[in-house]
Each structure stands twice: as structure tokens, then as C-alpha cells.
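Worksheet for the structure shown next.
Rule-based calculations on the coordinates, nothing more; no lab input. All of these numbers come straight from a predicted model, not from anything done at the bench. In this analysis, Cβ positions are derived from the backbone assuming ideal geometry, glycine residues included, and neighbour counts consider all displayed protein chains.
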Amino acid sequence: MRKLAILTFVSADGVMQAPGHPDEDRSGGFDRGGWAADYWNEVMEQVMAEAMAESYDLLLGRKTYDTFASHWPHADDPIARKLNESTKYVVTSATDELQWKNSVKISGDIVEEITQLKKQEGPLLQIHGSWQLIQTLLSNKLIDEFRLWTFPLLIGSGKRLFADPSTPSNLELSKTNSTSNGVTMSFYRPIY
């Protein structure tokens, strides 16, 4: 059985929207995109060592997939190589073809499809970004691990990782570390 882990960058007040670039996700009028930029290099070294060194496939929402697919196939660095070689399972209702190599559509009953995907043999399923998909997985208790990088910033508004406070769960800390610039890495396993 495959495990499913989210890999998410969050501000100290829980915002996960658009950490990488100002135009990454302006939905809801969000104008604070790119908030993680000053911390990026050191954090990405840690992400590569702690969360992306092992084999994994990606599970992505369509917006995140489109953002990634517009950049990573054209890049040539260790992150690009890992992402390009992984299988990308994409939750989408669109009927167009997915152009990025090794991409597979998931549609219909998303919860059932992902439950079946987790039952298959294969590497870890890792989710990057994909806020709406994460909310569905949270409410259906399908996440096996939270891999969080918490940045020492207060963003105020924006999409929060734990958007629905009515979905309580206890978390068990399995790994922690920090960067010299104040970003904290925390891996948690939910106790359902």
C-alpha cells in the first residue's frame, strides 16, 4: 500500500497560497505571492535532502499541474529531473490531453480514485501545492504525512492549509529540523 504525503510551504499563520512567485495564484485577490523568495535557496536544499531524495510519484490538482508543467519540463536541474521522471497523477475534470511526460488523469469520484491509487504498489505519493485537493483529502482522512516548512512570516490573508477547523486530528511529530534563516521543517503523521 502506498503512503500519501503533502509537501507544503506555509507561513507562521498557516497561509500556503503562492509562496514561490507573485503571479503563482492570485485567486481571491491574493496579492502577496512570492512570500518565500528570501528563504528559497536554503529551504530547497533541505527539501531536496529530506523530502525529494526518495522515489515518489506526484498527485496534483489541475492548477498546480498547469503551473508546474509550464516550467519543469523546460528546466535542467536536480529538482526538474525528479519531477519530470515521476508519474504525475492529475485531478482534473478537463478533457484536454496532459502534455507533461508521465501524466495520468484522475477524474470522477476523486476520493474513491485516490483510495484505490493508495492501495496499489508503488512509491510514495507526494502532493505539492494543490490547495483544493488537500482540503478534500483532509476531510476524507487520506493524508498519511504532512511535510511542512513553516516560514517566519505572517501573511494575513490567503488560502490556509487547515482551512476547515471542523476537521480535528491529532498529529505525531516524526521529524523536525530548521534552516539558519528561521524556516522550520516538521513532518507529522495524523492520528485518525
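Where both partners of a DSSP beta bridge lie in the chain, what percent of those bridges are antiparallel, to the nearest 5? Percentage antiparallel, nearest 5: 40. Placing one equal scatterer on every Cα of region 55-123 and applying the Debye formula, the log10 ratio I(q)/I(0) at q = 0.18, 0.19, 0.21 Å⁻¹ is -0.68, -0.76, -0.90. Simple rule: put +1 on each Lys or Arg Cβ and -1 on each Asp or Glu Cβ in the chain, find the dipole, and look at His128, Ala5, Met185; the Cα lying farthest toward the positive end is Ala5.
Exposure proxy shown here: for Phe9, Phe68, Phe162, the number of other Cβ atoms within 10 Å sets the order, fewest to most, as Phe162, Phe68, Phe9.
For region 56-63, 3J(HN,Hα) computed residue by residue from phi via the Karplus equation (6.51, -1.76, 1.60; θ = phi - 60°) reads 7, 10, 9, 10, 10, x, 5, 5 Hz, glycine and proline entered as x. Only lysine pairs 8 or more places apart or on separate chains count here, and in the chain those with Cα atoms under 18 Å apart total 18. Among Leu142, Leu60, Leu125, the largest mean-square fluctuation in a Gaussian network model of the chain, built with springs joining Cα atoms closer than 10 Å, belongs to Leu142.
For region 19-26, putting each phi into the Karplus relation 6.51 cos²θ - 1.76 cosθ + 1.60 with θ = phi - 60° gives couplings of x, x, 8, x, 9, 4, 7, 9 Hz, in residue order, rounded to whole numbers and with x for Gly and Pro. Ordering Phe151, Gly33, His21 by the projection of their Cα atoms onto the charge dipole of the chain, which places +1 on the Cβ of Lys and Arg and -1 on the Cβ of Asp and Glu, puts Phe151 at the extreme positive end.
Of the residues Ser55, Ser86, Ala69, the one whose Cα sits farthest towards the positive end of the charge dipole of region 55-123 is Ser55 (charges of +1 on Lys and Arg Cβ, -1 on Asp and Glu Cβ, taken about the Cα centre). Rg and Dmax over the alpha-carbon atoms of the chain stand at 15.9, 45 Å. Volume per residue for region 111-192 equals 119 cubic angstrom (convex hull of Cα atoms). Taking amide hydrogens as placed 1.01 Å from N in the peptide plane, the amide H of Thr87 sits under 5 Å from those of Leu58, each at least 5 positions away in sequence or on another chain.
Each Lys and Arg Cβ is given +1 and each Asp and Glu Cβ -1; about its Cα centre, the chain then shows a dipole of about 380 debye.
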